[in-house]
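The values are calculated or read from the model by the stated rules, or taken from the named source; none is laboratory data. Please read these numbers as outputs of a predicted model, since none were measured by experiment. No Cβ is skipped: glycine too gets one built from the backbone with ideal geometry, and neighbour counts run over all protein chains shown.
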Amino acid sequence: MNRAVIYVRVSSREQAEGGYSIEAQLEACRRFVYDKGWTVEDEFTELGESARTTNRPAFKAMAAMLDDHGGITHLVVHKIDRLARNLADYAAVKARLQKLGIRLVSVTEGMEEGPSGRLVEGIMAAIAEFYSDNLGQEVRKGMQQKLRNGGWPHLAPAGYTNVRVDGERKAEAVLAIDPEQAPLVTKAFELYASGEYTVSSLHLEMAALGLRNKRGAPLSRSKLAELLHKKLYAGIVGHNGVEYQGTHDPLVSKEMFERVQQVFALHDRDKVRETKHPHFLRGVLVCASCGSALSSLTAKGRYTYFYCLGRFTGRTDCREPYVPKEKLEQLVEEQYRRLNLGPNDEARLRRALEQELADEVSFSAESLALARRRLARAVHEREKLLQAYFAEAMPLDLFKREQNRIAKEIDLAQAEINRAEATDSPYGQLLETALGIIRDARAGYSAADPYVKRLWNRALMERIEIRAGQIARVELKEPFAGLFLCAGSNKASLVGEAGFELLSAGVFTP
């Protein structure tokens, strides 16, 4: 007996935008299990949680259930990215399921077992992670553009409210003055500028006057100090030290804001700290001598070096030297340039993936036939229901319940038919995206900005081992480790000066 557990998820963003509804995912998963003739053992629903971490309540409950409850044969998800958008988490989950003898099944992607299926499944997991990271970058770009235009892309702080232009739900949100809280914010600046208050005494005073946060509670002391440092109230918006004139109405003058900062300087409190992004090679560089991670430091304010943490902390007796970042950057770029996916190699990979995708198209054709039979059966059942009701063979309340049930069945069957008959198949797009990742990494790495380089390294590189300032070994992440091997080697790794060679098509077949 095949016994399945269903897991569905939407993030807060998807809930707000109406995508991937829980009901639609559950219905698709249940229908898939029903059509397969399996039984549903349990269902787990995750609301408002991101797949970038496994620290999710329903996910942890599901994992505990799978560990404790024997006999489960399948874990069913709507799409792989519902389960994980992080390659490391995905690999860990997949390994855990394999240990328990449980097969992961995606309803919409339908990946089968076997080397080819596992390869495509891994590529899709890699694409999900890359898409998630890149989406975050695009969101940040949009926020920065709004700041450059003088807008405020965040939740309105105390004294302001977020309103939509012309009241339209999808229109741009702008800051408007909160008539109740704005005068209190101005009062807080005036009182502190007088020099007669500390932050602690002002905190008590403003709480008594009624200054509140968005939840209606008094501002904490730290939030009040943060408010008094916020240039937004003087009409300035900015990010990472770059400032723009805001389009909103200020609550205090620039002179008032500067007087408040001078009082802070006198009290020597609440210094603003800056943070910096780590180097794009951090996290993938490893000491080949002792296995410790390499970290970086900047000397004299401009010279950056990588060093072995084992040596630095004294945990190992490693003596690997410090290496300038420029040297390692150049060595890693050379490794990317050796990623060789020639026309013949790409053709072999394309044929293997197209065969896998052809199986999925066949699966969709079967689903289309099933959906059409379900639609015909539901329409026939609706006719019989109407005849029974007109013959006064059933009460009105029962008729309405059955009518609603059949209507839902018809809608679901029709939706499946429309999806199966759609001309824009996602499979071809998936294939091109997978091949594009490999092509773009080789062609575009050296010209990419540091953020995109970090994405490439996270997506492709498991670890890069360094010895005596040179690359000793490069290990790729799955599924890319299955695409490139050292010439003449049986290990999924790349060594020193050796070039990269695409696996023969035979690897994709059992």
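Quick look at the numbers
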item: Number of positions in the stretch 170-199 that are free of Cβ contacts under 8 Å to residues at least 60 places away in the same chain, under 19 Å from Phe257 (Cα atoms) and of a type outside the set (Asp, Glu); result: 8
item: Residue match in the stretch 281-304 (condition: at pLDDT 90 or above, part of a loop (DSSP other than H, G, I, E, B) and loosely packed, with under 15 Cβ neighbours inside 10 Å); result: yes
item: Residue list for the stretch 60-96, restricted to those being of a type outside the set (D, E, K, R), surrounded by 13 or more Cβ atoms within 10 Å (Cβ to Cβ) and at pLDDT below 85; result: His69, Ile80, Leu83, Ala84, Asn86, Leu87, Ala88, Tyr90, Ala91, Ala92, Val93
item: Selection from the stretch 58-79 of residues that are in a loop (DSSP other than H, G, I, E, B) and under 22 Å from Ala24 (Cβ atoms); result: His78, Lys79
item: Matching option when the condition is charged (D, E, K, R), at pLDDT below 85 and not assigned by TED's automatic domain parsing to the domain that holds Glu409, among Arg52, Arg30, Arg9; result: Arg52
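Yes/no matrix, rows are residues, columns are (1) within 32 Å of the chain's Cα centre (by Cα); (2) farther than 23 Å from Ala265 by Cβ; (3) surrounded by fewer than 16 Cβ atoms within 10 Å (Cβ to Cβ):
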{"position": "Val174", "(1), (2), (3)": "yes, yes, no"}
{"position": "Ala193", "(1), (2), (3)": "no, no, no"}
{"position": "Leu204", "(1), (2), (3)": "no, no, yes"}
{"position": "Ala208", "(1), (2), (3)": "no, yes, yes"}
{"position": "Ala225", "(1), (2), (3)": "no, no, no"}
{"position": "Gly238", "(1), (2), (3)": "yes, no, yes"}
